[in-house]
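Engineer: A single structure is presented below for examination.
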Amino acid sequence: MSQKVEKPVLSGQRIKTRKRDEKEKYDPNGFRDALVCGLERAGGDLDAAYKFLDAAGSKLDYRRYGEVIFDVLIAGGLLLPGGSVSMDGESPKTNTCIFNASEDMETMRNFEQVFVKLMRRYKYLEKMFEEEMKKVLVYLKGFEPLQRIKLARMTALWIGNGCVPPSVLLVLVNEHLLKDNLALEFVLEVFSTVKQERGVTSLVTALKKGQLEGRLLEFLPLNRRSEEVLASSFASRGLAELLRLHRAQASQEARRELTQALLEQLADERPVRDLIAELRDMAQRHAIPDHEVVAIIWQCVMSRGEWNKKEELLAEQAAKHLRNYTPLLAAFAQSAKAEIALLTKVQEYCYENMSFMRAFSKLVLMLYKTNVLSEEVILKWYREPNSSKGKMMFLDQMKKFVEWLQSAEEESESGEEED
């Protein structure tokens, strides 16, 4: 029987092995040096620069140093807080960058392709780039005027191709960028470049996507923040389309504000004379025309009703409810345009709320008797309805009333002739 051999026991100091998962020290300067050397070898040739960047992704840690890549491609080196470039290290800066390039659009488009292809190749860089842009735009004041123009033109191209969302521009709404007109001048350059490169439709779409159309005033300095300054600034850069969009958005918000205010006042059961005064003031302040106000009044008043389920009772109940608000409607139905708007609103409401289909003529008759709607407008509507909703049914309902109006009109005319 063989004797069991005991294994020797190791004694003395245990050698500490290096952990495999131990992270390398964060070294943005070293990464930048490697990037700068490769870009400098390209000698200003952007195709060669992209080939280097494409291949270097397998050796350099792009996931960890994505921000450094964009710093170098935009400013030539590592950006410090405030916008200056760090000059520490062996190879602190390259000439192959946006800030060192010519500002003409052909050169800008060539740089755009480097970014597009790089982010297409390394998809994880897309999110990093959006964060990078938020940082770079805050540093705007630290850049030279021509660098700001180049950055604005590149930003326009990046917004146009989807590399960054238009909402990234909102980081410019920052006191230190507003007071010297830096934010305004930058967005004007961005918007005019988008218009020039991709057309007005793309520009309008971009603003809507970024929900910027109602926030254009925010890019103006606080002491110059007015519609007049906005209009002259945008018109000087051929951006009248954006002014129209801005005004439409502002008008829409004003209508929402007026609607909400009226609903609250109706809920508080405020006297009608007070409602008229307050609505008139708000409408004048926001330049909301009467034909829009009267449609809002109808909508709000009808939303307050609790309607009977029996159709035969509904028309009388609705007329009774409306009668309380006829002075309010009449105050804003002073023109033929406002009356037609109201009558069209009544038509659409009765069509969209099926239980009101048979109530239309009774509601119109009540509005006529209370001097909200005139016979001229009712006859005009009968001959040329603005809306096709329920048209045939409502014309049929109104036939007898309209015939009576026409005969009364004819009698009046013949009486005048005899006189």
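The values are calculated or read from the model by the stated rules, or taken from the named source; none is laboratory data. The structure presented is a predicted model; accordingly, all values stated were derived computationally and were not measured. As a convention, Cβ positions derive from the backbone with ideal geometry for all residues, glycine included, and neighbour counts pool all protein chains shown. Just so you know, the surface numbers come from the protein's heavy atoms only, side chains and all, with ligands and any DNA or RNA stripped out. Shrake-Rupley method; radii C 1.70, N 1.55, O 1.52, S 1.80 Å.
Engineer: Filter the range 38-50 down to residues that are over 14 Å from N110 (Cβ atoms) and open to solvent by 20 Å² or more (accessible area, probe 1.4 Å), then give me how many there are.
Structural biologist: Result for the range 38-50: 3.
Engineer: Contact list please: Cβ distance under 7 Å, first residue in the range 165-193 and assigned to a loop (DSSP other than H, G, I, E, B), second residue aromatic (F, W, Y), pairs at least six apart or on different chains.
Structural biologist: So the pair list comes out as V173/F219.
Engineer: For the range 107-119, indicate whether the set of residues that are in contact with a strand residue (DSSP E or B) (Cβ under 7 Å, 6 or more places away or on another chain), aromatic (F, W, Y) and either open to solvent by 50 Å² or more (accessible area, probe 1.4 Å) or more than 20 Å from A206 (Cα to Cα) (or both) is non-empty. Write out each step before concluding.
Structural biologist: The initial filter retains those residues of the range 107-119 that are in contact with a strand residue (DSSP E or B) (Cβ under 7 Å, 6 or more places away or on another chain), namely none.
Taking every residue of the range 107-119 in turn, none turns out to be in contact with a strand residue (DSSP E or B) (Cβ under 7 Å, 6 or more places away or on another chain), aromatic (F, W, Y) and either open to solvent by 50 Å² or more (accessible area, probe 1.4 Å) or more than 20 Å from A206 (Cα to Cα) (or both).
Engineer: What are the residues in the range 214-255 that are within 13 Å of the chain's Cα centre (by Cα) and farther than 15 Å from V187 by Cα, if any?
Structural biologist: L245, R247, A248, Q249, A250, Q252, E253
Engineer: For the range 397-409, give me each residue that is open to solvent by 90 Å² or more (accessible area, probe 1.4 Å) and either touching a helix residue (DSSP H, G or I) at 6+ places or on another chain (Cβ under 9 Å) or at pLDDT 90 or above (or both).
Structural biologist: Taking the range 397-409 first, the residues open to solvent by 90 Å² or more (accessible area, probe 1.4 Å) are 399-400, 403-404.
Within the range 397-409, K399, K400 qualify.
Engineer: Given the options K209, K127, K123, K150, name the one that is in contact (Cβ under 8 Å) with a residue 40 or more places away in the chain and open to solvent by 60 Å² or more (accessible area, probe 1.4 Å). Steps first, please.
Structural biologist: Numbers: K127 fails: in contact (Cβ under 8 Å) with a residue 40 or more places away in the chain; K123 fails: in contact (Cβ under 8 Å) with a residue 40 or more places away in the chain; K150 fails: open to solvent by 60 Å² or more (accessible area, probe 1.4 Å).
None of the others qualify; the one that does is K209.
Engineer: Restricting attention to the range 358-373, which residues are open to solvent by 30 Å² or more (accessible area, probe 1.4 Å) and either closer than 13 Å to E312 by Cα or part of a loop (DSSP other than H, G, I, E, B) (or both)?
Structural biologist: Result: R358, K362, T370, N371.
Engineer: Residues to consider are M128, M119, M133; find the one that is within 19 Å of R148 (Cβ to Cβ) and in a helix (DSSP H, G or I).
Structural biologist: M133
Engineer: Yes or no: L118 free of Cβ contacts under 8 Å to residues at least 60 places away in the same chain and out of contact with any Pro (no Cβ under 9 Å at 6 or more places or on another chain)? Steps first, answer last, please.
Structural biologist: Values: free of Cβ contacts under 8 Å to residues at least 60 places away in the same chain: no; out of contact with any Pro (no Cβ under 9 Å at 6 or more places or on another chain): yes.
So L118 does not fit the description; no.
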